[in-house]
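This report concerns only the one structure given below.
Where a number appears in this text, it was derived from the coordinates with a stated rule and is not lab data. The model shown is predicted, which means the values in this text are computed figures rather than measured ones. Note that we place each Cβ from the backbone using ideal geometry, even for glycine, and neighbour counts take in every protein chain shown.
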Amino acid sequence: MKRLLSGLQPSGELTIGNYCGGIRQFLQYQKEYDSFLFVPDMHTITVPQANPELIRERIRRFANLYLACGLDPQNCTFYIQSEIPAVNQLTWILECHTYMGELSRMTQYKSKSEKQTNVGCGLFTYPVLMAADIILYDSNVVPVGIDQKQHVELARDIAVRMNNRYGDLFVVPEPIIAKVGAKIKDLQDPTKKMSKSNEDPMGTIFLLDSESDIKKKINRAVTDNDGYVAFDEEKKPGISNLITIYAALSGTPMQEAIDHFTGMTRYGDFKKEVLEVIYETLRPIQAEYQKLSQSDYVDTILDQGRDRANEIASKKYDLVRKAVGFGR
Ligand code: AMP
Ligand code: TRP
């Protein structure tokens, strides 16, 4: 069975955008592959973090939310990055085989380093840690957002380079980019993506938002003054976004959702239907989350995941260590 691996940084709270574009897709893959999902906590400190406790809380929240959304521990090895020592060990070796020029060309490094003074070295070598995450487990495919594609391509280059130098050590991974599907937009500014890090919380629906907050956000979602519902992403981005949310969450084919709403003249009624679908999606997830977060179930799963991941990772690291000539 081919192996699939992905990670999502706990750098904000999960949104319905993450759910539509990322989580749901992963849940589908988990049946078709030997899948690995991990929380890349070590990546979070590549930019300054004010509060270590907040990182720890988020790791737990992410893990519980993934389980609540339907991650199946039978089909998926679920673990926390920092609990796998071999990933650090391999990173060092890979860093010695990665060129400064390659890392300088990473667009995420360029844009993130511009926003900071005193840029840490970790932000620069971040893609090498990510390469280690991937090739340590002989991952065949890596589903990521488009912004991470360059990093997966670097992981490929590093794997090929290591194989050429030391013999066949690693599987060469391939990125999978989400099919053009639901791109959920910000409710206050429907020209930009709904994101877990937008400053204005009114634009974003989080998976753990209360029903009254969701209602407020949908009621205040930006529309237009045309007085009729129609799908036109350019001229009616607000309305079109709400139709997209409805279709994505209810599993209704896009055209069917468009036909269902087109011509409605009362935005209030339209929004009420969208709201219902959001409630129906989030209710079972939140109920499951509440149950999970009052138990230690997630620890059992993460312990199992850590053990399986460590077994594979430490064996692979041992091969690499020997190949480069370390030890006696
Ligand atoms: P991010 O939250 O930007 O780190 O994105 C994590 C993953 O969630 C991405 O790879 C996307 O697949 C998905 N995602 C995030 N935001 C959205 C959105 N607004 N619409 C659809 N998918 C999204
Ligand atoms: N860098 C990714 C992000 O910011 C998270 C990540 C770390 C990752 N290691 C990975 C994703 C390995 C896929 C594979 O979203």
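LYS2 sits among other residues whose Cβ lies under 15 Å from its own Cβ, and their net charge, with Lys and Arg +1 and Asp and Glu -1, is -2. Do you know the relative contact order of the chain, to the nearest whole percent, from alpha carbon pairs under 8 angstrom that are 6+ apart? Result for the chain is 22 percent. Take the Kirkwood radius over Cα pairs of the chain, plug it into Stokes-Einstein at 25 °C and 0.890 mPa s, and you get 115 µm²/s for translational diffusion. Please compute the contact order of the range 201-290 in relative form: average sequence separation of alpha-carbon pairs under 8 Å and at least six residues apart, divided by the residue count, as a percent. Across the range 201-290, relative contact order equals 31 percent.
Nearest-5 percent of antiparallel DSSP beta bridges in the chain? Beta bridges within the chain, antiparallel portion: roughly 15 percent. Extension gain, LEU54 to GLU273, is 75.3 nm, computed as 0.36 nm per intervening residue step minus the present C-alpha separation. Most tightly packed first, judged by the mean number of other beta-carbon atoms within 10 Å of their residues, the peptides 308-320, 103-115 read 308-320, 103-115. Here the range 76-178 yields Rg over Rh of 0.96, to two decimals, using C-alpha coordinates and the Kirkwood radius. Eigen-decomposition of the gyration tensor built on the alpha-carbon atoms of the range 194-326 gives equivalent ellipsoid semi-axes of 44, 20, 14 angstrom, largest listed first.
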